[in-house]
Amino acid sequence: MLSNKFVALISLHFAVSAAIATAINSVQVTPYMDEIFHIPQAQQYCAHNLSHWDPMITTLPGLYLISLLLIQPLIAIGVPMETACSVVSLRAHNVMFAVLNFILCNAIMLKLSKPKERDEVVLSAFVLSLFPVSYFFSFLYYTDQGSLFCVLLSYWLSLCGRHVQSGSVLLIAVLFRQTNIVWVLFTAGTVLLREIEEPWKQFSGSQLVMFPLFLLSYISGLYPYPRVRLLTRLLPYMMVCVLFMLFILYNGSVVVGDYHSYLYLSCSS
């Protein structure tokens, strides 16, 4: 059951975000900064022109594919494509992700907190969701909020033991930003640590100096542990890493598009 505090804070989050978005859209009606690349590319995808690609964009098309999915209900009820995929509409996707990220922060912190700390979790999640470096980009059509949403959702799914779904969402996260491969490794690492936590406590009194010996015993098979279960739970994350390595081999680089132009813009800014 949702608490009154959570309902109040999510309502406040949405109201404030919507007000800021409205103010920004009334002043900055045209694409701003890197939006000059992202918005035209998204509009090409909205028009189902999936073969078009701006070489100045160096991230994979996860952002544009999600936007293409999000506008379908609007198209279905008769909203013109030009309106459904306008600058304002595309920016609204990130406002939605910002609110969802607050919900996910709250859900993750509830999973990780002790029962007596749960009354304070929702306020902490609210403050965390307003972290300035991230929250600023809630009002522009950037990859930040959608990327963060996928990472948070995948971590929450892993905490719930739904590793196939978690790995699938992490694959989408990598489609938003290639650097999210780091969070694939992080999530897999947390799964590994949770799996070996109990056996480790039973091994030599959990003395830290004994941890390398414990790992060696586990890897060599000397320590009785259900490795098949562990490998099954890690397999979705390993598959994402394998696909990422195949992408690098095929593409010749982590980035897509014009890598040299990307370096030039980065150094000039």
Check your understanding: If you average 1/r over all unlike Cα pairs in segment 1-154 and invert the result, what Kirkwood radius do you get in angstrom?
Key -> 16.6 Å
**Study point:** Nearest-10 value in Å² for the accessible area of Lys5, using the 1.4 Å probe
**Key:** 100 Å²
Practice item. Kindly report, to the nearest 10 Å², the accessible surface of Thr59 as traced by a 1.4 Å probe over protein heavy atoms only. Key: 30 Å²
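Hey, if we sort Tyr155, Tyr250 by accessible area with the 1.4 Å probe, largest down, what's the order? If you can, show how the numbers build up before the last one.
On the way: Tyr155 40, Tyr250 195 Å².
The most accessible residue leads, giving Tyr250, Tyr155.
If Ile20, Ile71 are ordered by their accessible area, calculated over protein heavy atoms with a 1.4 Å probe, which sequence runs from highest to lowest?
Ile20, Ile71
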Point to revise | Largest-first ordering by accessible area, 1.4 Å probe, given options Val184, Val27 | key: Val27, Val184
Exercise for review: Calculate, for Ala15 and Ile36, the FRET efficiency according to 1/(1 + (r/R0)^6) with r their C-beta to C-beta distance and R0 25 Å; round to the nearest 0.05.
Suggested key: 0.25
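Over segment 70-154, what relative contact order in percent results from Cα pairs under 8 Å that are six or more residues apart?
On the way: 71 pairs, mean separation 30.9, N = 85.
Value for segment 70-154: 36 percent.
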Practice item. For Val169, tell me the accessible area in Å² from a 1.4 Å probe, rounded to the nearest 10. Key: 20 Å²
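What part of the accessible area of segment 131-173, given as a whole %, is carbon or sulfur when the probe is 1.4 angstrom? The partial results should precede the final answer.
Values: 1250 of 1590 Å².
C and S fraction of accessible area: 78 percent.
The values are calculated or read from the model by the stated rules, or taken from the named source; none is laboratory data. All values reported here derive from a predicted model rather than from experimental measurement. Please note: Cβ atoms are built from the backbone with ideal geometry, for glycine as well, and neighbour counts cover all protein chains shown. Note: areas computed on protein heavy atoms with side chains; ligands, DNA, RNA excluded. Shrake-Rupley method; radii C 1.70, N 1.55, O 1.52, S 1.80 Å.
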